[in-house]
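To keep things clear, I will list the structure first and then write my remarks on it.
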Amino acid sequence: MKKALLLYNPMAGNRQIVSQLDYITERIQGLGYSLQLYRSEAPGAIEKYIKQNVTTDIDLIIISGGDGTINEGINGLFAKELNIPMGIFPLGTANDFATTANIPNTLKEALDVIAANNLRYVDVGKVNDRYFVNVCNMGIFSGVSHVVDLNLKKSFGKLAYYAKGMEELKNYETMNIEIVSKDLTLKGRYVFILIFNGKGAGGFNKIAKQASITDGYLDLVAIKDVEPYEIPALFLKMLQGEYSDDRNVDYIRISKAIIKCRNLDKKFVTDVDGEPGPSFPLEIEVVSNKLRLFLPKKSNIKKTLKLSAYLSSFISYFPF
Ligand SMILES: Nc1ncnc2c1ncn2[C@@H]1O[C@H](COP(=O)(O)OP(=O)(O)OP(=O)(O)O)[C@@H](O)[C@H]1O
(Lines give C-alpha, C1' and ligand atoms only; values in the text may rest on other atoms or scores of the structure.)
Protein backbone atom coordinates (compact mmCIF):
# COMPACT_ATOMS: atom_id res chain seq x y z
CA MET A 1 0.00 0.00 0.00
CA LYS A 2 1.22 3.53 -0.77
CA LYS A 3 2.10 5.72 2.21
CA ALA A 4 0.79 9.23 2.88
CA LEU A 5 2.00 11.52 5.64
CA LEU A 6 -0.15 14.42 6.89
CA LEU A 7 1.75 17.09 8.80
CA TYR A 8 -0.65 19.55 10.40
CA ASN A 9 -0.44 22.73 12.38
CA PRO A 10 -3.34 22.52 14.86
CA MET A 11 -3.04 26.26 15.62
CA ALA A 12 -3.26 27.59 12.05
CA GLY A 13 -6.30 29.61 10.95
CA ASN A 14 -9.50 28.72 12.76
CA ARG A 15 -8.11 25.34 13.83
CA GLN A 16 -10.73 23.23 12.00
CA ILE A 17 -8.30 20.41 11.12
CA VAL A 18 -8.51 19.05 14.64
CA SER A 19 -12.12 17.89 14.27
CA GLN A 20 -11.67 16.54 10.71
CA LEU A 21 -9.01 13.88 11.09
CA ASP A 22 -11.38 10.93 10.74
CA TYR A 23 -12.88 12.36 7.53
CA ILE A 24 -9.39 12.98 6.12
CA THR A 25 -8.29 9.44 6.96
CA GLU A 26 -11.33 8.01 5.23
CA ARG A 27 -10.68 10.04 2.06
CA ILE A 28 -6.93 9.33 1.91
CA GLN A 29 -7.40 5.61 2.56
CA GLY A 30 -10.02 5.68 -0.18
CA LEU A 31 -7.27 6.82 -2.56
CA GLY A 32 -5.22 3.73 -1.71
CA TYR A 33 -2.81 5.18 0.87
CA SER A 34 -2.21 4.28 4.48
CA LEU A 35 -2.13 7.54 6.46
CA GLN A 36 0.43 8.56 9.03
CA LEU A 37 -0.08 11.77 11.07
CA TYR A 38 2.28 14.28 12.59
CA ARG A 39 0.80 17.05 14.78
CA SER A 40 3.04 20.11 15.02
CA GLU A 41 3.79 20.85 18.67
CA ALA A 42 5.46 24.23 18.23
CA PRO A 43 6.83 26.58 15.59
CA GLY A 44 9.55 24.78 13.64
CA ALA A 45 8.41 21.28 14.64
CA ILE A 46 7.27 20.21 11.15
CA GLU A 47 10.56 21.17 9.54
CA LYS A 48 12.49 19.36 12.25
CA TYR A 49 10.27 16.28 12.02
CA ILE A 50 10.80 16.02 8.25
CA LYS A 51 14.55 16.45 8.58
CA GLN A 52 14.76 13.72 11.21
CA ASN A 53 12.16 11.22 10.05
CA VAL A 54 10.94 11.50 6.47
CA THR A 55 12.54 9.36 3.78
CA THR A 56 11.79 8.36 0.20
CA ASP A 57 9.37 5.65 1.31
CA ILE A 58 6.61 8.28 1.67
CA ASP A 59 4.57 8.58 -1.55
CA LEU A 60 2.45 11.61 -0.67
CA ILE A 61 3.06 14.40 1.80
CA ILE A 62 0.20 16.69 2.84
CA ILE A 63 0.77 19.94 4.71
CA SER A 64 -2.15 21.47 6.58
CA GLY A 65 -1.92 25.10 7.65
CA GLY A 66 -1.07 28.50 6.22
CA ASP A 67 1.99 29.79 4.41
CA GLY A 68 4.18 29.48 7.53
CA THR A 69 3.43 25.79 7.82
CA ILE A 70 3.97 25.11 4.10
CA ASN A 71 7.25 26.98 4.40
CA GLU A 72 8.37 24.62 7.16
CA GLY A 73 7.37 21.67 5.00
CA ILE A 74 9.38 22.67 1.95
CA ASN A 75 12.43 23.70 3.95
CA GLY A 76 12.40 20.29 5.63
CA LEU A 77 11.98 18.41 2.35
CA PHE A 78 14.51 20.38 0.33
CA ALA A 79 17.14 20.16 3.07
CA LYS A 80 17.00 16.40 2.46
CA GLU A 81 16.73 16.70 -1.32
CA LEU A 82 13.33 14.97 -1.22
CA ASN A 83 10.82 15.85 -3.89
CA ILE A 84 7.86 13.83 -2.69
CA PRO A 85 4.52 14.84 -4.30
CA MET A 86 2.85 17.40 -2.04
CA GLY A 87 -0.78 18.22 -1.36
CA ILE A 88 -1.94 21.24 0.62
CA PHE A 89 -4.86 21.79 2.98
CA PRO A 90 -4.97 25.61 3.05
CA LEU A 91 -6.33 25.92 6.56
CA GLY A 92 -4.31 28.94 7.69
CA THR A 93 -5.46 32.55 8.00
CA ALA A 94 -4.44 34.16 4.71
CA ASN A 95 -3.31 31.12 2.65
CA ASP A 96 -1.69 33.35 0.05
CA PHE A 97 0.32 30.64 -1.72
CA ALA A 98 -2.65 28.26 -1.98
CA THR A 99 -4.78 31.12 -3.31
CA THR A 100 -2.26 31.73 -6.10
CA ALA A 101 -2.19 27.99 -6.81
CA ASN A 102 -6.02 27.97 -6.95
CA ILE A 103 -6.20 25.31 -4.26
CA PRO A 104 -9.58 25.72 -2.53
CA ASN A 105 -9.59 26.38 1.19
CA THR A 106 -12.32 23.92 2.11
CA LEU A 107 -11.08 20.55 3.23
CA LYS A 108 -13.38 18.59 0.95
CA GLU A 109 -12.28 20.46 -2.17
CA ALA A 110 -8.61 20.44 -1.18
CA LEU A 111 -8.90 16.65 -0.91
CA ASP A 112 -10.61 16.58 -4.32
CA VAL A 113 -7.53 18.31 -5.75
CA ILE A 114 -5.28 15.53 -4.43
CA ALA A 115 -7.71 12.90 -5.73
CA ALA A 116 -7.62 14.48 -9.21
CA ASN A 117 -3.91 13.57 -9.34
CA ASN A 118 -2.76 16.56 -11.39
CA LEU A 119 0.85 16.85 -10.30
CA ARG A 120 2.90 19.81 -11.52
CA TYR A 121 6.25 21.39 -10.80
CA VAL A 122 5.80 24.88 -9.35
CA ASP A 123 8.28 27.63 -8.52
CA VAL A 124 9.49 28.47 -5.04
CA GLY A 125 11.82 31.27 -4.01
CA LYS A 126 15.11 30.97 -2.18
CA VAL A 127 16.64 33.67 -0.01
CA ASN A 128 20.12 32.88 1.29
CA ASP A 129 19.64 29.37 2.70
CA ARG A 130 15.85 29.51 3.21
CA TYR A 131 13.16 28.61 0.68
CA PHE A 132 9.86 30.48 0.47
CA VAL A 133 6.60 29.64 -1.22
CA ASN A 134 4.86 32.97 -1.27
CA VAL A 135 6.79 36.12 -0.46
CA CYS A 136 9.96 37.49 1.02
CA ASN A 137 9.88 41.13 2.08
CA MET A 138 11.83 43.79 3.91
CA GLY A 139 11.09 47.18 5.41
CA ILE A 140 8.13 48.91 6.97
CA PHE A 141 5.58 46.05 7.21
CA SER A 142 7.98 43.12 7.43
CA GLY A 143 7.55 42.62 11.16
CA VAL A 144 3.75 42.64 11.03
CA SER A 145 3.07 38.93 10.85
CA HIS A 146 5.76 38.18 13.46
CA VAL A 147 3.85 40.10 16.10
CA VAL A 148 0.19 39.45 15.26
CA ASP A 149 -1.12 37.32 18.06
CA LEU A 150 -2.41 33.81 17.15
CA ASN A 151 -5.68 34.47 19.03
CA LEU A 152 -6.17 37.78 17.22
CA LYS A 153 -5.73 35.95 13.91
CA LYS A 154 -8.27 33.36 15.01
CA SER A 155 -10.84 36.04 15.90
CA PHE A 156 -10.25 38.61 13.17
CA GLY A 157 -8.57 36.58 10.40
CA LYS A 158 -6.88 38.70 7.72
CA LEU A 159 -8.06 41.96 9.34
CA ALA A 160 -5.57 41.33 12.13
CA TYR A 161 -2.72 41.80 9.61
CA TYR A 162 -4.29 44.98 8.26
CA ALA A 163 -4.77 46.59 11.69
CA LYS A 164 -1.21 45.83 12.74
CA GLY A 165 0.09 47.08 9.38
CA MET A 166 -1.61 50.44 9.85
CA GLU A 167 0.09 50.80 13.23
CA GLU A 168 3.50 50.50 11.56
CA LEU A 169 2.85 53.65 9.52
CA LYS A 170 3.60 55.76 12.59
CA ASN A 171 7.30 54.97 12.72
CA TYR A 172 9.29 53.66 9.84
CA GLU A 173 12.80 54.03 8.45
CA THR A 174 14.02 54.18 4.89
CA MET A 175 16.35 51.55 3.49
CA ASN A 176 19.22 52.60 1.25
CA ILE A 177 19.19 49.70 -1.19
CA GLU A 178 21.06 48.28 -4.16
CA ILE A 179 19.40 45.50 -6.15
CA VAL A 180 21.59 43.76 -8.71
CA SER A 181 19.91 41.32 -11.07
CA LYS A 182 21.10 39.77 -14.34
CA ASP A 183 19.52 42.49 -16.45
CA LEU A 184 19.68 45.64 -14.38
CA THR A 185 20.72 47.38 -11.19
CA LEU A 186 18.36 49.46 -9.07
CA LYS A 187 19.69 51.85 -6.47
CA GLY A 188 17.57 53.97 -4.21
CA ARG A 189 15.83 54.69 -0.97
CA TYR A 190 12.91 52.35 -0.37
CA VAL A 191 10.47 51.87 2.49
CA PHE A 192 9.23 48.41 1.56
CA ILE A 193 10.35 45.72 -0.89
CA LEU A 194 8.43 42.54 -1.65
CA ILE A 195 9.64 39.63 -3.74
CA PHE A 196 6.68 37.53 -4.76
CA ASN A 197 6.34 33.98 -5.89
CA GLY A 198 2.60 34.11 -5.22
CA LYS A 199 0.25 36.97 -6.07
CA GLY A 200 -0.46 38.47 -2.67
CA ALA A 201 0.33 38.85 1.00
CA GLY A 202 -1.72 38.97 4.18
CA GLY A 203 -4.83 37.90 2.27
CA PHE A 204 -4.56 40.76 -0.26
CA ASN A 205 -4.22 38.64 -3.36
CA LYS A 206 -3.82 41.23 -6.09
CA ILE A 207 -0.62 43.00 -5.02
CA ALA A 208 1.39 41.07 -7.61
CA LYS A 209 -1.55 40.01 -9.73
CA GLN A 210 0.73 39.38 -12.72
CA ALA A 211 2.83 36.83 -10.77
CA SER A 212 2.68 33.15 -11.60
CA ILE A 213 4.05 30.11 -9.79
CA THR A 214 4.93 28.39 -13.05
CA ASP A 215 6.72 31.12 -15.00
CA GLY A 216 10.23 30.64 -13.62
CA TYR A 217 10.37 34.19 -12.23
CA LEU A 218 9.86 36.11 -9.01
CA ASP A 219 8.15 39.51 -9.08
CA LEU A 220 9.94 42.27 -7.19
CA VAL A 221 7.89 45.30 -6.08
CA ALA A 222 9.81 48.12 -4.40
CA ILE A 223 8.16 51.19 -2.85
CA LYS A 224 10.28 54.30 -2.85
CA ASP A 225 10.80 56.70 0.02
CA VAL A 226 7.60 58.72 -0.38
CA GLU A 227 6.28 61.57 1.73
CA PRO A 228 4.35 60.15 4.71
CA TYR A 229 1.10 61.77 3.53
CA GLU A 230 1.38 59.85 0.20
CA ILE A 231 1.61 56.44 1.83
CA PRO A 232 -2.08 55.66 2.55
CA ALA A 233 -3.16 56.34 -1.08
CA LEU A 234 -0.17 54.44 -2.45
CA PHE A 235 -0.93 51.43 -0.30
CA LEU A 236 -4.51 51.34 -1.48
CA LYS A 237 -3.16 51.18 -5.03
CA MET A 238 -0.75 48.46 -3.98
CA LEU A 239 -3.47 46.31 -2.48
CA GLN A 240 -5.38 46.50 -5.75
CA GLY A 241 -2.25 45.87 -7.84
CA GLU A 242 -2.78 49.20 -9.66
CA TYR A 243 0.67 50.73 -9.50
CA SER A 244 2.25 50.05 -12.88
CA ASP A 245 2.35 53.77 -13.78
CA ASP A 246 3.20 55.04 -10.30
CA ARG A 247 6.53 56.87 -10.11
CA ASN A 248 6.92 55.74 -6.50
CA VAL A 249 6.97 52.03 -7.33
CA ASP A 250 9.66 50.01 -9.09
CA TYR A 251 8.62 46.64 -10.47
CA ILE A 252 10.92 44.05 -12.04
CA ARG A 253 10.83 40.32 -12.72
CA ILE A 254 13.88 38.41 -11.57
CA SER A 255 15.20 34.90 -11.67
CA LYS A 256 18.14 35.85 -9.47
CA ALA A 257 19.23 39.01 -7.62
CA ILE A 258 21.39 40.26 -4.80
CA ILE A 259 19.94 42.89 -2.48
CA LYS A 260 22.29 44.94 -0.35
CA CYS A 261 21.31 47.46 2.29
CA ARG A 262 23.71 50.33 2.73
CA ASN A 263 22.45 51.71 6.04
CA LEU A 264 24.98 49.68 7.96
CA ASP A 265 24.02 51.31 11.27
CA LYS A 266 20.45 49.93 11.13
CA LYS A 267 19.17 46.37 11.28
CA PHE A 268 16.07 46.07 9.12
CA VAL A 269 13.64 43.24 9.61
CA THR A 270 13.14 40.78 6.77
CA ASP A 271 10.28 38.34 6.44
CA VAL A 272 9.98 34.98 4.68
CA ASP A 273 6.45 33.59 4.35
CA GLY A 274 5.36 35.37 7.54
CA GLU A 275 8.36 34.34 9.63
CA PRO A 276 11.53 36.32 10.46
CA GLY A 277 14.01 36.09 7.58
CA PRO A 278 17.79 36.39 7.17
CA SER A 279 19.84 39.60 7.43
CA PHE A 280 21.22 41.60 4.48
CA PRO A 281 22.80 41.00 2.02
CA LEU A 282 20.12 38.80 0.48
CA GLU A 283 20.74 36.43 -2.38
CA ILE A 284 17.41 35.69 -3.99
CA GLU A 285 16.61 33.16 -6.69
CA VAL A 286 13.74 31.21 -8.15
CA VAL A 287 13.84 27.41 -7.94
CA SER A 288 11.60 25.75 -10.52
CA ASN A 289 12.34 22.04 -10.32
CA LYS A 290 11.97 21.03 -6.69
CA LEU A 291 8.33 21.29 -5.59
CA ARG A 292 5.84 18.84 -7.11
CA LEU A 293 2.40 19.98 -6.10
CA PHE A 294 -1.13 18.69 -6.65
CA LEU A 295 -3.02 21.46 -8.45
CA PRO A 296 -6.64 21.77 -9.55
CA LYS A 297 -7.16 20.48 -13.09
CA LYS A 298 -8.98 23.56 -14.30
CA SER A 299 -6.23 25.75 -13.00
CA ASN A 300 -5.77 29.03 -14.85
CA ILE A 301 -2.12 29.29 -13.95
CA LYS A 302 0.01 29.83 -17.00
CA LYS A 303 1.40 26.72 -18.62
CA THR A 304 4.83 28.17 -19.00
CA LEU A 305 6.97 25.67 -17.17
CA LYS A 306 10.63 26.26 -17.74
CA LEU A 307 12.50 23.69 -19.77
CA SER A 308 14.36 22.51 -16.68
CA ALA A 309 11.11 21.73 -14.90
CA TYR A 310 9.85 19.81 -17.92
CA LEU A 311 13.03 17.79 -18.07
CA SER A 312 13.00 16.96 -14.36
CA SER A 313 9.37 16.00 -14.56
CA PHE A 314 10.12 13.75 -17.57
CA ILE A 315 13.07 12.13 -15.84
CA SER A 316 11.20 11.46 -12.61
CA TYR A 317 8.35 9.91 -14.60
CA PHE A 318 10.72 7.35 -16.08
CA PRO A 319 12.90 6.16 -13.19
CA PHE A 320 15.83 4.70 -15.16
N1 LIG B 1 1.59 23.71 17.81
C2 LIG B 1 1.85 24.97 17.47
N3 LIG B 1 1.55 25.98 18.32
C4 LIG B 1 1.76 27.26 17.97
N5 LIG B 1 2.27 27.65 16.79
C6 LIG B 1 2.60 26.69 15.91
C7 LIG B 1 2.40 25.31 16.19
N8 LIG B 1 2.80 24.59 15.11
C9 LIG B 1 3.26 25.48 14.20
N10 LIG B 1 3.14 26.74 14.68
C11 LIG B 1 3.46 28.00 14.01
O12 LIG B 1 2.24 28.66 13.72
C13 LIG B 1 2.57 29.75 12.88
C14 LIG B 1 1.42 30.15 12.01
O15 LIG B 1 1.18 29.12 11.07
P16 LIG B 1 0.66 29.41 9.60
O17 LIG B 1 1.40 30.53 8.98
O18 LIG B 1 0.65 28.12 8.91
O19 LIG B 1 -0.85 29.80 9.86
P20 LIG B 1 -1.55 31.19 9.79
O21 LIG B 1 -0.65 32.26 10.30
O22 LIG B 1 -2.90 31.02 10.45
O23 LIG B 1 -1.82 31.33 8.23
P24 LIG B 1 -1.22 32.35 7.10
O25 LIG B 1 0.28 32.34 7.24
O26 LIG B 1 -1.67 31.74 5.80
O27 LIG B 1 -1.85 33.67 7.37
C28 LIG B 1 3.80 29.31 12.11
O29 LIG B 1 4.84 30.16 12.50
C30 LIG B 1 4.09 27.91 12.64
O31 LIG B 1 5.49 27.66 12.76
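Miscellaneous remarks
- Of all residues making up segment 196-223, the number that are assigned to a strand (DSSP E or B) and either closer than 19 Å to Asn95 by Cβ or in contact with a Phe, Trp or Tyr (Cβ under 6 Å, 6 or more places away or on another chain) (or both): 7
- For segment 249-295, a residue qualifies if it is surrounded by fewer than 16 Cβ atoms within 10 Å (Cβ to Cβ) and not in a strand (DSSP E or B), and the qualifying residues are Arg262, Asn263, Leu264, Asp265, Lys266, Lys267, Pro278, Ser279, Pro281.
- Residue check, Leu7 touching a residue at least 40 places away in the same chain (Cβ under 8 Å) and within 20 Å of Ile84 (Cα to Cα): yes
- Residue list for segment 92-117, filter: outside any helix (DSSP H, G or I), open to solvent by less than 40 Å² (accessible area, probe 1.4 Å), more than 8 Å from the ligand (Cβ to nearest atom) and of a type outside the set (Val, Ile, Thr): Ala101, Pro104
- Single match in Lys187, Lys199 (criterion: closer than 30 Å to Phe294 by Cα, open to solvent by 20 Å² or more (accessible area, probe 1.4 Å) and among the charged types (D, E, K, R)): Lys199
- Here the condition is being modelled with pLDDT of 95 or more, open to solvent by 30 Å² or more (accessible area, probe 1.4 Å) and at positive phi; of Glu26, Glu41, Glu81, it holds for Glu81 alone.
- Scanning segment 232-243 for residues that are open to solvent by 40 Å² or more (accessible area, probe 1.4 Å) and under 23 Å from the mean Cα position of the chain (by Cα) turns up Leu236, Lys237, Leu239, Gln240, Glu242.
- Of the helices (runs of 4 or more DSSP H) that lie entirely inside segment 14-84, those containing 3 or more residues that are in contact with a strand residue (DSSP E or B) (Cβ under 7 Å, 6 or more places away or on another chain) span 21-30, 67-79.
- Qualifying residues in segment 273-285 (those that are within 12 Å of Tyr131 (Cα to Cα) and within 11 Å of the ligand (Cβ to nearest atom)) - the one modelled with the lowest pLDDT: Glu275
- Residue tally, condition within 15 Å of the ligand (Cβ to nearest atom), touching a Phe, Trp or Tyr at 6+ places or on another chain (Cβ under 8 Å) and in contact (Cβ under 8 Å) with a residue 40 or more places away in the chain, over segment 70-86: 5
- The lone criterion from (1) open to solvent by less than 10 Å² (accessible area, probe 1.4 Å); (2) farther than 19 Å from Leu119 by Cβ; (3) part of a strand (DSSP E or B) left unmet by Ile88 is number (2).
The values are calculated or read from the model by the stated rules, or taken from the named source; none is laboratory data. This is a predicted model, so every value here is computed, not measured. Positions of Cβ are generated from backbone atoms using ideal geometry, with glycine treated the same way; all protein chains shown enter the neighbour counts. Surface areas here come from the heavy atoms of the whole protein model, side chains and all, with no ligands, DNA or RNA. Shrake-Rupley method; radii C 1.70, N 1.55, O 1.52, S 1.80 Å.
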